[in-house]
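Quick notes on the structure that follows.
Read-outs throughout are calculated quantities, based only on the coordinates presented, and are distinct from any laboratory measurement. Everything quoted here is computed from the prediction, not taken from an experiment. With ideal geometry, Cβ positions are generated from the backbone for all residues, glycine too; neighbour counts draw on all protein chains shown.
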There are 2 protein chains.
Amino acid sequence: MKALIERIRAEGVNLGGGILKVDSIINHQLDPALMADMGAAIAARFNGTPVDRILTAEISGIAPALMTGIEMNVPVVYARKRKPITMSGPVFLETAPSHTKGGETLLLVSAEFLHAGENVLIIDDFLATGQTLQALARIVLSAKANLVGVGVVVEKTFEGGRAAMQAHYDVPIHALATISAMEGDTITVRDD
Amino acid sequence: MKALIERIRAEGVNLGGGILKVDSIINHQLDPALMADMGAAIAARFNGTPVDRILTAEISGIAPALMTGIEMNVPVVYARKRKPITMSGPVFLETAPSHTKGGETLLLVSAEFLHAGENVLIIDDFLATGQTLQALARIVLSAKANLVGVGVVVEKTFEGGRAAMQAHYDVPIHALATISAMEGDTITVRDD
């Protein structure tokens, strides 16, 4: 997605250790027009795929998932990382090692909002090691729902997440911007 | 906002202790069409107010803030509750006692994304005690920006947040749905 790639080139900062700072467009500040275009672009890549529900993980997955949900007109569920006081009844629970925070991240989805037989599209901001996406995929399988695809805003190919996902799940994976290398101030980014 | 009020009446659950469960439309699952209408409705209530930026707090503020930002075509910043690895440089930091989680909640906004002289509209999912909204307002003042208003999806009038805000900030406060009482299975909700 050209506009996104240009923004990453202009505003992305390589913090070292494989960490890309894109706080100005995804992780802290949101550009609503760009975010709406991202949702439309993700929806376009899954054009023809039956989708009943979008699943993402809080926090930074919410915006791209919501914008994709608006394009597809399907409900969006965001997995919680801590049990809110309003979460009651059975939950699907998975854990993922956190890439950027260390430790384990909990992912909780209420059984109220994920049903057997539904076609579920997973959306997130980043595909890096793929651990969060795999945990979301396990939640989809636990619910006996069908995983139909994975859409992300940014993929970092050098962390191997796509191959790890594909080893377990035979579904299309689309990224709007693909980063193949980050060295010093140079971020090598291309279209999917 | 009629459609929202009807959904709260149909799906809201009084969990006791002043806690309203609206997980099916705001706090866990999002209805994209309803959320888009909420953004349009909040924007309409601030029609004529100059707004340069929207400020909200993760997690459940992100969706209504983003949809309002799309209507107003202004950037949206969500205060972080934990410092992400990508947050560097000076930050505005405030704390608020957490109503639903207990303890203190940290709110962090990078100085990169909030500038002196800007007109800032604060958006959040709930106005209850108003502690989070007051912490966001203090961040706006710390940045020497102008607080121009507060928009929320749901106000619970019986927790006094509006009066607490108005004691400190002379700005319009709008809610899309106003809950004046929750007793047993009865949630008394009306338009602003």
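Some values worked out for this structure:
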| quantity | calculated |
| --- | --- |
| Pairs with Cβ under 8 Å, 6+ apart, first in segment A:106-118 and polar (S, T, N, Q), second surrounded by 20 or more Cβ atoms within 10 Å (Cβ to Cβ) and part of a helix (DSSP H, G or I) | A:Ser110/B:Asp23 |
| Count of segment A:125-144 residues which are buried (at least 21 other Cβ atoms within 10 Å of the Cβ) and among the polar types (S, T, N, Q) | 1 |
| Qualifying residue in segment B:38-51 (condition: basic (Lys, Arg), touching a strand residue (DSSP E or B) at 6+ places or on another chain (Cβ under 6 Å) and within 10 Å of chain A (Cβ to nearest Cβ)) | no |
| Some residue of segment B:156-172 being of a type in the set (Lys, Arg), touching a strand residue (DSSP E or B) at 6+ places or on another chain (Cβ under 8 Å) and touching a residue at least 60 places away in the same chain (Cβ under 8 Å) | yes |
| A:Val74 vs. criteria surrounded by fewer than 24 Cβ atoms within 10 Å (Cβ to Cβ), more than 10 Å from chain B (Cβ to nearest Cβ) and in a loop (DSSP other than H, G, I, E, B) | no |
| Pairs where the first residue, in segment B:5-19, is without any contact (Cβ under 8 Å) to a residue 24 or more places away in the chain and assigned to a loop (DSSP other than H, G, I, E, B) and the second is among the aliphatic types (A, V, I, L, M) and surrounded by 14 or more Cβ atoms within 10 Å (Cβ to Cβ), C-beta under 9 Å, 6+ apart | B:Gly17/A:Ile85 |
| Total residues in segment A:23-33, condition part of a helix (DSSP H, G or I) and surrounded by 19 or more Cβ atoms within 10 Å (Cβ to Cβ) | 6 |
| Of all residues making up segment B:1-22, the number that are within 25 Å of A:Lys81 (Cβ to Cβ) and either buried (at least 21 other Cβ atoms within 10 Å of the Cβ) or of a type in the set (A, V, I, L, M) (or both) | 6 |
| Subset of segment A:23-33 [in contact with a helix residue (DSSP H, G or I) (Cβ under 6 Å, 6 or more places away or on another chain) and either more than 8 Å from chain B (Cβ to nearest Cβ) or in contact (Cβ under 8 Å) with a residue 60 or more places away in the chain (or both)] | A:Ile25 |
| Residue in segment A:100-119 that is at the interface with chain B (Cβ under 7 Å from one of its Cβ atoms), hydroxyl-bearing (Ser, Thr, Tyr) and on the phi < 0 side of the Ramachandran plot present | yes |
| Pick from segment A:138-158, criterion of a type outside the set (A, V, I, L, M, F, W, C) and more than 15 Å from A:Gly39 (Cβ to Cβ), ranking: farthest from the chain's Cα centre (by Cα) | A:Lys144 |
| Subset of segment A:96-114 [within 30 Å of A:Leu20 (Cα to Cα) and assigned to a loop (DSSP other than H, G, I, E, B)] | A:Ser98, A:His99, A:Thr100, A:Lys101, A:Gly102, A:Gly103 |
| Failed item, numbered, when B:Arg53 is tested on (1) in contact with a helix residue (DSSP H, G or I) (Cβ under 7 Å, 6 or more places away or on another chain); (2) touching a residue at least 60 places away in the same chain (Cβ under 8 Å) | (1) |
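The rows are residues; the columns are (1) within 14 Å of chain A (Cβ to nearest Cβ); (2) touching a Leu at 6+ places or on another chain (Cβ under 8 Å); (3) outside any strand (DSSP E or B).
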{"position": "B:Leu55", "(1), (2), (3)": "yes, yes, no"}
{"position": "B:Ala63", "(1), (2), (3)": "yes, yes, yes"}
{"position": "B:Thr68", "(1), (2), (3)": "yes, yes, yes"}
{"position": "B:Arg82", "(1), (2), (3)": "yes, yes, yes"}
{"position": "B:Glu94", "(1), (2), (3)": "no, yes, no"}
{"position": "B:Ile139", "(1), (2), (3)": "yes, yes, yes"}
{"position": "B:Val150", "(1), (2), (3)": "no, yes, no"}
